[in-house]
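Shown next, in structure tokens, is the structure this report addresses.
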Amino acid sequence: MTPELSIVIPWSNRPELGPTLQQNAGAFECLDAEVLVINCGGDRDTLERLAGDAPLRAPRIIEVPSGQFNKCLALNIGASLARGPRLLFLDTDIVISGAVLAGLVARTDARTFATIEWVLDSTAASRATELAHSTQTVELVWTNGRRMSFEFFRSRTADQARGGPGLISVWKEHFLTVEGMDSRLVRWGWEDLDLIIRLQAMTGARRVQFGDAIHLAHDDASRNLSGTTRQASLQRNMALCYANYERGDFLGTLSRDVAAHQGRLIEHEWCRIRSVPADSPL
């Protein structure tokens, strides 16, 4: 039976995956969602152990031959193998409730895509304040008069919660229309906003924000920064994307990523390991 939702989780040597699979098990099962964990540059034995500890129907584990982690590549490969009409992208360190998951799915159709409204760090402490929250919005204006606005950042003052643009539920056909993520964006930053901008530009779908999620707090040592800083990585990726927007290029790299890895992927199901067929459809 075709699942209503395919949840895609990119992974590379992050131990948080075990606890989050356990804590999210009830939410995943209540919607009969399939879960795909995409190993892009991580240790296979570690992933097998973490996924095997989860008390849910075994996730599909896809091995992507890659020397280092590339989140956009992992998401593109996962989306190409997903069976559901809706895709939900989750990070390895995110805990979500069944009610929020159901709400995201209900808000994802041919007209809208949904992102998590607030992400709260697991170590956050509340404080008294009269400022509820703040947002930063960017407007893009082209020479032909076309305009597009998107939310760049949001913060809730009392508990330092932030928006979750990368925790997105999207119609799979829309994701394919924009050619998925752009795997030329490496390390960390902007890839989630880039997808939102391109979805708005090419599908006309509207973004809605809904629900809270918990982020298992960690330091930057766990991030894919390769010796640079978050700000430098963000600026690099943002500059590449703005060059695309200047040219009117709103396509990702899904087709070329799938073609480059055709016949090279390995899928684990339960305790079996099998190669993904070279002609596996999108």
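In table form, for the structure just shown:
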item	result
Rounded, prolate or oblate (a/c below 1.5 giving rounded, otherwise prolate when a/b exceeds b/c) for the range 129-170 by Cα gyration tensor	oblate
Kirkwood-Stokes translational diffusion coefficient of the range 88-131, alpha-carbon pairs, 4 °C, 1.567 mPa s, µm²/s	101
Pairs of alpha carbons in the range 1-148 whose separation is greater than 27 Å (percent)	33
Cα-based convex hull, the chain, per residue volume (Å³, whole number)	134
Cα-based radius of gyration of the range 93-184 once divided by 2.2 N^0.38 Å, which approximates compact folds	1.32
Positive-pole candidate from GLN68, THR143, GLY252, dipole of the chain, charges at beta carbon	THR143
Shape call, the range 69-226: gyration tensor on alpha carbons, a/c limit 1.5	rounded
Estimated dipole of the range 77-161 in Debye, rounded to 20 [Cβ of Lys and Arg +1, of Asp and Glu -1, Cα centre]	400
For the range 79-84, 3J(HN,Hα) per residue [Karplus equation, 6.51 cos²θ - 1.76 cosθ + 1.60, θ = phi - 60°, Hz, x = Gly/Pro]	4, 5, 9, 5, 9, x
Structure-based [θ]222 nm, the chain - -39500 (n - 2.57) summed over DSSP H runs of at least 4, per residue, nearest 500	-9000 deg cm²/dmol
Radius of gyration and maximum dimension Dmax of the range 134-271, Cα, Å	16.8, 56
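Computed from the coordinates by the stated procedures, all read-outs in this text should not be read as laboratory data. Nothing here was measured: the structure is a model prediction, and the numbers come from that model. All Cβ positions, even for glycine, are placed from backbone atoms using ideal geometry, and neighbour counts span all protein chains on display.
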